[in-house]
Each structure stands twice: as structure tokens, then as C-alpha cells.
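Below is one structure; the comments refer to it alone.
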There are 4 protein chains.
Amino acid sequence: MIRFALLGCGRIGRVHADSIDVHPRAELAWVYDPIESAATEIAKRYSTTIAPAVDVAIDDASVDAVVIASATPTHVDLLTRAVRAGKAVLCEKPIDLDLARVDRCWKEIAALNPTVMIGFNRRFDPSFREVHERIAAGDIGRLEQLTIVSRDPAPASRDYLAVSGGLFRDMTIHDFDLARFFLGHVVEVYATGANVVADYIADLGDIDSAVVVLRGEDGTLCHITNSRRSVFGYDQRLEAFGSAGMLSVGNQHPTSVRLSNGTQTEAAPEYLNFFLDRYTPAYRAELDHLITAMERGSQPSPGFADGREALALADAALESLQTGRTVPLGSSHRRETEA
Amino acid sequence: MIRFALLGCGRIGRVHADSIDVHPRAELAWVYDPIESAATEIAKRYSTTIAPAVDVAIDDASVDAVVIASATPTHVDLLTRAVRAGKAVLCEKPIDLDLARVDRCWKEIAALNPTVMIGFNRRFDPSFREVHERIAAGDIGRLEQLTIVSRDPAPASRDYLAVSGGLFRDMTIHDFDLARFFLGHVVEVYATGANVVADYIADLGDIDSAVVVLRGEDGTLCHITNSRRSVFGYDQRLEAFGSAGMLSVGNQHPTSVRLSNGTQTEAAPEYLNFFLDRYTPAYRAELDHLITAMERGSQPSPGFADGREALALADAALESLQTGRTVPLGSSHRRETEA
Amino acid sequence: MIRFALLGCGRIGRVHADSIDVHPRAELAWVYDPIESAATEIAKRYSTTIAPAVDVAIDDASVDAVVIASATPTHVDLLTRAVRAGKAVLCEKPIDLDLARVDRCWKEIAALNPTVMIGFNRRFDPSFREVHERIAAGDIGRLEQLTIVSRDPAPASRDYLAVSGGLFRDMTIHDFDLARFFLGHVVEVYATGANVVADYIADLGDIDSAVVVLRGEDGTLCHITNSRRSVFGYDQRLEAFGSAGMLSVGNQHPTSVRLSNGTQTEAAPEYLNFFLDRYTPAYRAELDHLITAMERGSQPSPGFADGREALALADAALESLQTGRTVPLGSSHRRETEA
Amino acid sequence: MIRFALLGCGRIGRVHADSIDVHPRAELAWVYDPIESAATEIAKRYSTTIAPAVDVAIDDASVDAVVIASATPTHVDLLTRAVRAGKAVLCEKPIDLDLARVDRCWKEIAALNPTVMIGFNRRFDPSFREVHERIAAGDIGRLEQLTIVSRDPAPASRDYLAVSGGLFRDMTIHDFDLARFFLGHVVEVYATGANVVADYIADLGDIDSAVVVLRGEDGTLCHITNSRRSVFGYDQRLEAFGSAGMLSVGNQHPTSVRLSNGTQTEAAPEYLNFFLDRYTPAYRAELDHLITAMERGSQPSPGFADGREALALADAALESLQTGRTVPLGSSHRRETEA
């Protein structure tokens, strides 16, 4: 039985609490949140204990792993403390908004050979994963192009966005990681954006829509489309074009009901509304992956370096947005975290 | 070049005129209709000549084939005259509403070894035909069940229905023929119906909805669903279940546009509205089949016997509707027309 | 917290154990199965206790409800004992294979005003349920026809089928209940069948394929297609045609991946394999319905009378199969259980 | 009746000959091709006359319009001669590969106020057109993003590609025009490409795959994906995301048949193979648009300026590919041809 401490009891914290609860070989030892009511709610629902202070949870010798689901600025500190306490870590993305800080963090913990997994849930979505496996199995020959569509149902609040790090670090970062899952190392980034959704996003100096083009080491092109608004629901799709075929992932519906009437035919209901619905199985598979890795003594994936690389791509995208130029990503980026 | 005389210039006559017009090896020599304005319209559009009397067209030595698209009660007479004049015939369904009359007709013409094709367009629909060919090619193993869905967008007028011969002889007859295309000889019929669409149909003593179950010689079951109303457009589908798979035919759209918005997703436009739209390619393929058969000196199919069998199934369905019993169709039915 | 005793630890017993386990207001107090290894497996997995005898579980005063998932011949006895012990009951379908025995059972327990729910899971499938709700909301006007397709991936073993009561009582019974969910009282049944799947089914005197036609009180026609084999996976579909539109339920896939290559396009993976996969959410909703009814002191639905009616339809279908005639179901059928 | 001269009897010439043949108000007066066998084939098929020299066709006073379907380097000369002869012109894309030559051509003919239509067929595809009309009707609110997928089934021959002007001028030019159809004026272009399909394309100094990002005047982003290979058939899709919904255009199948078997479900046949199949209705609508414009004395669209702008976008894309930078397209581009 793997014993978990959960740091952060907001929306995403609840998802992890639930995944731990239903996993047959996991238990939730502690929960912690500076907002007491949030901690209380989860503690009550899953019959577990609120830690009086974050260190009580981290330092408990009976705890095997720490899930970091707190506010982004706290990630690096909590991650470092958990690693030093000898715990495995599942840290929500992004590790931090500041790449230099991420690199310093790694320098501090690298020698400890830590078990750190980053919460890029899309790698564990059954559909994306099936495409990944079938490409590996040769179902579409050599991968030639990759298309990622990623649109949120509606923009987050002004308050959230103000500290989000911007579209690329907050939202596209998931797509950067998904692209790396399929392409491996990325050598070039181009990004552009627009403000078409909401004025308050422009006021924050952020964009609300983007198109990003990536080039993989072997020439494979990937393009990502983002928007902070998709009125028909969470839009999460992928197309992988290969020399021998295409595998695609479509959006998903809560039921298989279709309506035909005098004005239209075969109309489906709205899609699964947002990440809590669409990625529930992914979050569970993600946690299971960590637990299995811990049991086997292997490293979970995506790891710290993957978290670092996705952030580096976000930074490069921002540079491209500002300069209008393709930004090369030298192999040096790679060595820093892989060494 | 095959020269055609077209008898009957209503809605279905226009379809045949158009098929003849676009066929590279056919030409429209004469048109005839007791309603002069109907004849004039087609003659003008396709630059052809109105026959002053039906015999002028039928007896013209330069005419190779006669298309009978006139009112049902005239079919037998025109068919007989055309056959006697040595012409090939494409006769719209049904041959007649009276099976005895159909059998007498055959007795009169059988010795002439006539070339008679019956206008069961569904056999020439590219989708149904593809299923037929792929079953023959073994794509789904042995056929085990067949489902036919056939619904008209809206009921015809009271005047039309009053002389239509009833649902089974007027509408289901197409589905009976389609069933025979897949099942071969049918040995049992069960039929039931309901009045749920329009009161005036009940007033005529007719039904507006039906479920029919057929059993083929080798045990294959087929069921047919009919309705005089389908508010979402012409509903023409088929499912062929086999020991190794299923082939299905879905409805067809005029474009491949889909709409997703705040209340629904992937909504398609209405289906192709009615038989003139859905079966345009079928009508053309049907005519081409006749022309090719004439050129090769072979018999076109479906032939007179198929027209007769579909009507016999309609009669058996009516008997079943009235008695609530399964009606067996002895092999005798078969011999009569095939001998 | 509702405490359950689970009688029967086979395949379907495990499903119910799992539903109880994940329900926040349910707990599994006892499990019982004459085959000790089956009971042990579930007891271990869900950390519960094996009852040394069935009465120990039924008579435990702390137990609120009994789930009967044992072999069909034991249902009536266990149901009667559980009701007498004052427990709510969730009994798997069919109540029994013998309608007379079912009616005797009811006579014995009716006076106790029992809370008995029958495990017709399809009523709780989110897609079928959505169609039911949207019809009630008027989305397709008045219901005019209903089509149910229900095919198992592969026939059960000879041993299972030998005691199953035949296709209608074992398999179609689910579809009969689903038809009643939409049509209300059924007044006529026609059924026919065939043997096209496996010789050993014919040897047992059973059919392996069927077409059934039902007529509802208000004239609505329903037809059901069954087969013991569907090589492409569990085939569970429904179409509800109304005066203003059609609502359909399609089959469901484990992922939303599609493959296009040199020989085909948009090919989906196999469907969810069988009822354990397709109806997992339905089984959970079913249990939740019972729990909520118990908490509110209301009667769960479908109840004993629904179990009785579905069996009566199966018997009528068998009579129709044997006689080739439509079998009327008088309103008397109704009164017997509703009185 | 509009009388046409057809210059160029290759693959695309045959398409136009066929469109003229089936149009009720058009006739094919002359055909011309330097390769006599090509001219003979079309002349025979459509019962028309071969012009002994191109001027004979262009200068025939009874000819109303000239279709230029010859090799690209001949377009400017033929277009200029036809305009001087007072004929309306339908010129295949591109006008020329050299933007300066296109601009000189316009200077020579502008004063004649010519009727020149450029053969951008996609604007007449019923699906793309429906999306355009529904956006105009407000079905998806304000257009925010546009995605165009355009992949040929297989790369053209080395000989064809050597004189094609490269991917952007030969293939993407259709997508540039389609983008302009939806976005209006384009103010920025970014393009990148890769060689993943065939070595001989790289040897020619050309790319075989591309991603292009455009920005419209009002900020709408558009991205285009191209490949010279799509093993599953011609891939021609579009997604228009708006503030209130999304309209998409999917690929199209020759039939509505789907196959489900033991390894997959709902597999469709291959898509319509290539432009001759997919865009047949578009070519006919294109010709009808020209004829209707001529009859009404209005200017057909897309016109010369549209042909010029698409080429300017191709040139800008090439510059972006070479520099890795976003290329701005000043309003000057616009004025040159619109003045």
C-alpha cells in the first residue's frame, strides 16, 4: 500500500484525492491546504486527516509519496522538501513559471536521484495513449505530421489568468508535452496569437488564441491550435498523419444519443464539459503509473526533465510571438536536464 | 445508340428522361403523356418530339426500348403492346396492383421471350449495391439477418394514396424487392401495421406504418420498418449482419458540413430529401444496366418475375396484416413465373 | 449507510459488489455463494465477510437490503425469505422461468408490501435514459415506433443455455423490459426465430436469432432484433421515431480513436465488449436508484410487476414462435400484478 | 446560349468540357491543344470541333468565352489575347508563377475592363460554400479561427513538380484562396515546410509538406496543413471556429457503407479519390457562376485580383520558409490590383 500526502485541496487536488481513493493499492494519509475549508471538505469525504502544517505531512515516515496540487509558486519549494524527505513526488504542471528557478531546483535535488513525476495527464488519456501505442506498433508507418487541437470551454477568471504565466505556460504547456510525447525532442518553435475572446485577457497583456508550429528532430511538423473559448465544450483532439495512414482522436460525448429532426440530423449532445470529465480516466491512469513505478523501483514518466522541457517550449513560443521569428531550441536545452 | 420512347411525363418520367439524356449511348426519340403540358415540358427540355398517340411511339421501327412511367393501371396494357412491337421495356413498379392480372400479362407475352426490366431502383443504389457485392465477396461471411429501414419524408396526398394499392403494394414493394435482392426466395411473410401519422390514411382503410418480417429460403430473417413520415428526411438504411461482420448503409447528406454549438455537437444538415435526390445515381445506373443488357443480348435484372414476386409478397403481407398470422409462400409462387 | 447482503458471487455478483463498494452510502455486509472460492474472492477484494449460511446474511438485523445474484432457480425462494425478513431486495432477472411460480411468489409476499427491484439494467443506461427523458420532454413529439437491436458478442456455453429458459426468457427479457419502459403496456406480441449461429443451440431446441414485434396500448410498434452472435462486439442500440424527430442510441467505443489508411477510413476500434463494460454505469445507477428509493421510502422501479410482465412477454413470444400467430396480451395480465 | 472555346485538353480541360456539356445554357464551340490526340479525344466525346490554331478559336465572333486550361506558362499570353478579342475568360490557377508578369498582364488589360474569372474551384464546393453562407447568416457568431487541411493522395511526377512553381504556388495556392474567401484580406504569413514524403521532391529544391499560418485583417488566425501524400485518399477539410459555434467540413465517401467486423467497427470505404471526384460539383457550379455573371453583365468572382493575391501569398510563404520570419503583407499589395 502506497501512502500519499496531498498538498493542495482545490479542484485538481480533489481529482487526485479521488484517484487515490479508488486505487486498490493507495491510501490518502494526509491532506493539507492553507484554506482550511478546502482541506476539511476533502478530509471528510475521503475519511482522512488534515495535516496541521505541511511538514507534518511531508516528514511523516509512513508517507511514501507527495502529490503537489497547490498554487504554482509553491511547487518548487514543496517539491524540494518532499524530495529531501525521501518521498516520491507527483507535481502538477507547471513546475514553476520561471525556467531559471526550475533549473536551480533540479541542481539542488539531482544528486538525490529523486522520483519525480509531472502531472501531464494527456499522456495517460486512453485515446491519446492508444494512438501512441499504435504508432509504435507501425499502424500508420512513419509519423509525418501531428495536429493538436486544444480549446477550453470558457476562459478562466481574470484573477486566475493574472498569475497563470500566460497562455503558453498555463494552457499550451499540456500540448507542448503531448507534442513531445509523440515527436521526442523539438528543435524549432514558431508561435503566434490573437485576442478575439475577451478584452480582459488583452488587458492583462496575454493572448487568448494561438497557433504554434513545432518541428521535431527528424523533421516531423506539429501544429497546435489553442483557444480560451470553445462554446461547444472542451475541444481536445489529435491527428497523427503517417506514411501509411492517419490515427485521429475525436471529442467525447457523455452518451451515444443522437437527434435527427426537421432542421438537422445526427446531432450529438455537448461534449464532456472540461478536463475533470474528459480526463478522469487519465488522472487515474497517471496515478497508477506512479504507483507501479514506485513498486518496481523504476522512474515514472513524464519526469522532471519533461516538465522543464515543456516550460522551455512555452518560453520559446513567447519569444517567437514577440519577435515573429522561428526560435531554434539547441540540443543544449536537452543536455541541461538529461545529464 | 439505343432509342427510347418515354410513356408518362410526370415526376418519375422526368427522372428517366434525364437519365436517357446524360447517357452517352441513349437518345430520347419520343415522349408521350395524356396531359399535354407534361409532355411539352419534357420535350422542350430535352429537345425531343411529342408522340401524337402512344402507338406512334411504340410502333416506330427506329425505337429500341420503351420506358413505362405512366399511371399504374396503364402498365400492363402498354407493356404488352411494347413487347408485341418487339421493344425492350423498362416498366416502373408495380407492374399492376392485381396479381392475377400480372400473371395473365405474363402468359400473353412469355412466348415472345421479352426483354422486360422492372424499375426497382434500390438494386442500383451505389451503397446497397456495394453491400451486395461485398457480401458476395465474403466480407461478412454468411448473411444471417437483414434490416431495412424505409421511411418517406411525408405522406403523399389523399388522392394519390386512394389509388396507390396501399402501403405494401405502393411503398414496401421496393423493400420487398430489396429483400429478395439479398435473400433470394422468401418463404414466409409476417406483417403488421399502425395508423399514427395521418387520419386520412386510416379513413382510406390503409395503414401508415408497418413492420414486416420475412424469412428467406435458407432461414435468413429480414425485417422491414416503414413509415409514411420521417420528419428528418428520407430514411433509407440497411444493415446486413453476417457470421463474420456487418455491413450497413446510412442515410446521405447533401454536404459534409457539421455544426457544433452551445446546445449540440456534430449536427449534420437534413438528409437528401427524397427519392429524386437519393436515387439519382441509381436511376442512371438502372438505365445503363438495361442499355448494356440490350447491347449484349442478355436479360436485364430485375425482370418481370421479380416484379411479380414483389407484388406477391405485398399481397401476402396484406393477408398477414389482416389475419395476424405468418403467411407461407410456397415454392409454387416461384415456379409460376420462372418456368 | 445502507448495508447489503450479496447472495451469489459469480460474474454478475461481482458487478453488484463493485457498485456497492463505490457507492458513498452503501456497504457490503455479507457475501454468500455455495461455491466457496467465488465467495472468498469477493470477500477478500471488498474486505467483507462470508456468510456461513444464506440465512445468516438475510436475517442479520443490521442488513437493510439483499442483492440476489444467484442461479435463477433459487431467486423465488431467496426473494421470499428476504422479503419476509423485512429486507429490500434487488433481484437479478428473470425472477423465475415459470410464470405460475412468479405469480405464486407474489401472492405470498404481496401483503408485506415489499420493496423489490428487478435488475433490468438497461433502464439505467445513461443513453437509453437520456432518450426516455427527452421523449418525455417532447424532443421528438409523440413516439411512433421503437427499434431495439440487441446482440451478444458470442453465444454462451451449452451448459448455460441448457438451463437459461431459452432466448426469449434469458436474453430478450431485457429488451422486453426496455420496450415496456418506452411503450408502457404491450397488447400484442409476434415473434419468430432462426438457427443460424451454432448447431448446439438448435440441438437444445432453442433459437439463436429472433425478430420480435410488439404493439403498445396506443398503437406504437416496437421491433426487437436479437442474435446470440455479433462478431464486432456487443450490439446494443435503439431508435425512437417520433412525430417530430428521431432519437437514437449507438454503440459505444472504449476510446475515440479512428484509423484511416489505404483500404478504409474512419475505422473505430471494437465496441465495448459485453455487458460488464457497456453497462457498468447502468449497474451503478441502478443500485443508486434502489438506495435513494429506500432512503426516501418510495418504491424502486422496475419492480416485481415489471419482472413479471417481461416474463409474460417472453412466454407470449414463445407461443407466437410456435404458432406463427400474433398473441394478444389482455389487460388481465396487467391487473394480476398491479392489483 | 454561351459558346465556349476550350484551350488545353488535358485532365483539367476534360473537366471543363464536361461541365460545359451538361450545362443547359452552354455549348462547346472549339477545342484546342498542341497535342493533337488530346484535342481529338475531347472533340469526339463532346461532338465539337478542333481549332486548327488557337487564334481561330479565340477570334471566332460567335465565341463568348474562353476557358484557359493549358500549361501555366501559356496562361498570360492566352488570357491577354482572349481579353483583347472581347471574350470572357475562365483561367485555371495560377495565372502565372511570376508575380511581376501577372502585374504586367493586368496593366495591359485593365483598361478593357475584362471579365476574368480564376479557377479556384474550392469556393464552389457545396460544403465550403455552405459554411461560408452559414457564417454570413450568423450561425457561429464572429469567425475566430480557421483550419484548412489539404493533402493530395500522392505526389505528382518529378516532371510535373519540376515546373510547378513549388508547393506554395502549385498546391497551397488553392488554400490561400480559400482562406481569403473566409478571412478577406490577409496581413501576415508564416510558413514552414519539411521533406518527409519523397526524396525526388527534395532534390528539386521543393518541400513536400507544409504548415502555413495566416492572419486576417481583423485578427482571425488561419492555419493550413499540406502534404503531397495522404495514403487514405484526398484529404480536404475545413474547420471554422466562431464565437458561438464551429462549422466543419469533413471528407466525403463515394457511398454510405460502413463495415464492422472482428477487428474494427464503422469502417468507411476510402474517400473520394482526388479533385476530379471531390470537386466535380464545384467545377460545374464554377462554370455556372461565370455563365450567370455573363448573362447578368456582372463580374464573376474570384477574379483576376484574387488570382494575383493568392500568388502574392504563395510568394510571401516562400519568403517566410526561407527566412523563418513572419512576412507582413502591406495594404499596398491590395491596392495594386484593386485600383
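The values are calculated or read from the model by the stated rules, or taken from the named source; none is laboratory data. Computed from a predicted structure; not experimentally measured. Positions of Cβ are generated from backbone atoms using ideal geometry, with glycine treated the same way; all protein chains shown enter the neighbour counts.
At a glance:
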item: Total residues in the range C:70-115, condition assigned to a strand (DSSP E or B) and closer than 17 Å to residue C:174 by Cα; result: 2
item: In the range C:205-219, the residues that are under 15 Å from residue B:191 (Cα atoms) and either at the interface with chain B (Cβ under 7 Å from one of its Cβ atoms) or basic (Lys, Arg) (or both); result: C:211, C:213, C:215, C:219
item: Cross-chain or 6+ apart pairs with Cβ under 6 Å, the range A:208-228 first and without any contact (Cβ under 8 Å) to a residue 60 or more places away in the chain, then of a type in the set (Asp, Glu); result: A:215/A:188
item: Unmet criterion (only one of (1) more than 14 Å from chain C (Cβ to nearest Cβ); (2) surrounded by fewer than 20 Cβ atoms within 10 Å (Cβ to Cβ)) for residue A:126; result: (1)
item: The range D:195-207: number of residues that are touching a strand residue (DSSP E or B) at 6+ places or on another chain (Cβ under 7 Å) and at pLDDT 95 or above; result: 1
item: For residue C:314: the one exception among (1) under 16 Å from the mean Cα position of the chain (by Cα); (2) at pLDDT below 95; result: (2)
item: Qualifying positions in the range A:294-311 - crowded, with 22+ Cβ neighbours inside 10 Å and among the hydrophobic types (A, V, I, L, M, F, W, C); result: A:304, A:310, A:311
item: Lone qualifier among C:25, C:14 - being closer than 20 Å to residue C:276 by Cα and either modelled with pLDDT of 95 or more or not assigned by TED's automatic domain parsing to the domain that holds residue C:178 (or both); result: C:14
item: In the range D:150-160, residue farthest from the other protein chains (Cβ to nearest Cβ) [restricted to those that are closer than 24 Å to residue D:237 by Cβ and either surrounded by fewer than 20 Cβ atoms within 10 Å (Cβ to Cβ) or out of contact with any Asp or Glu (no Cβ under 6 Å at 6 or more places or on another chain) (or both)]; result: D:156
item: Among (1) part of a loop (DSSP other than H, G, I, E, B); (2) over 20 Å from residue B:20 (Cβ atoms) - the single one residue B:61 does not satisfy; result: (2)
item: So residue B:86, is it on the phi > 0 side of the Ramachandran plot and not assigned by TED's automatic domain parsing to the domain that holds residue B:212; result: yes
item: Sole residue being within 19 Å of the chain's Cα centre (by Cα) and within 11 Å of another protein chain (Cβ to nearest Cβ), chosen from D:249, D:257, D:196; result: D:249
item: Condition check for residue A:320: surrounded by fewer than 18 Cβ atoms within 10 Å (Cβ to Cβ), under 23 Å from residue A:181 (Cα atoms) and at pLDDT 95 or above; result: no
item: Residue that is assigned to a helix (DSSP H, G or I), of a type outside the set (A, V, I, L, M) and within 14 Å of chain C (Cβ to nearest Cβ), where the choices are A:277, A:306, A:288; result: A:277
item: Helices (runs of 4 or more DSSP H) wholly inside the range B:128-212 containing at least 3 residues that are touching a Cys at 6+ places or on another chain (Cβ under 9 Å); result: B:173-183
item: Out of D:261, D:251, sole residue that is crowded, with 18+ Cβ neighbours inside 10 Å, polar (S, T, N, Q) and over 30 Å from residue D:16 (Cα atoms); result: D:261
item: Any chance residue A:166 is over 21 Å from the mean Cα position of the chain (by Cα) and small (Gly, Ala, Ser); result: no
item: Considering residues of the range D:219-229 that are of a type outside the set (Val, Ile, Thr) and more than 19 Å from the chain's Cα centre (by Cα) only, the residue nearest to residue A:267 (Cα to Cα); result: D:221
item: Answer residue from the range A:169-191, given it is of a type in the set (Phe, Trp, Tyr) and closer than 11 Å to residue A:146 by Cβ and is farthest from the chain's Cα centre (by Cα) among those; result: A:182
item: Count - residues of the range B:22-39 that are within 15 Å of residue B:63 (Cα to Cα) and among the acidic types (Asp, Glu); result: 1
item: All positions within the range A:130-174 that are touching a Gly at 6+ places or on another chain (Cβ under 8 Å) and either of a type in the set (Asp, Glu) or within 30 Å of residue A:244 (Cα to Cα) (or both); result: A:135, A:139, A:140, A:141, A:142, A:143, A:144
item: The range C:220-243 - residue that is more than 14 Å from chain D (Cβ to nearest Cβ) and among the hydroxyl-bearing types (Ser, Thr, Tyr) and, of those, surrounded by the fewest Cβ atoms within 10 Å (Cβ to Cβ); result: C:243
item: The range D:213-258, residues that are in a loop (DSSP other than H, G, I, E, B) and among the β-branched types (Val, Ile, Thr); result: D:220, D:231, D:255
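Table: residues versus (1) part of a loop (DSSP other than H, G, I, E, B); (2) in contact (Cβ under 8 Å) with a residue 40 or more places away in the chain; (3) touching a strand residue (DSSP E or B) at 6+ places or on another chain (Cβ under 8 Å); (4) crowded, with 22+ Cβ neighbours inside 10 Å.
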position: C:3; (1), (2), (3), (4): no, yes, yes, no
position: C:6; (1), (2), (3), (4): no, yes, yes, yes
position: C:12; (1), (2), (3), (4): no, yes, no, no
position: C:16; (1), (2), (3), (4): no, yes, yes, yes
position: C:21; (1), (2), (3), (4): no, no, yes, no
position: C:24; (1), (2), (3), (4): yes, no, no, no
position: C:38; (1), (2), (3), (4): no, no, no, no
position: C:52; (1), (2), (3), (4): yes, no, no, no
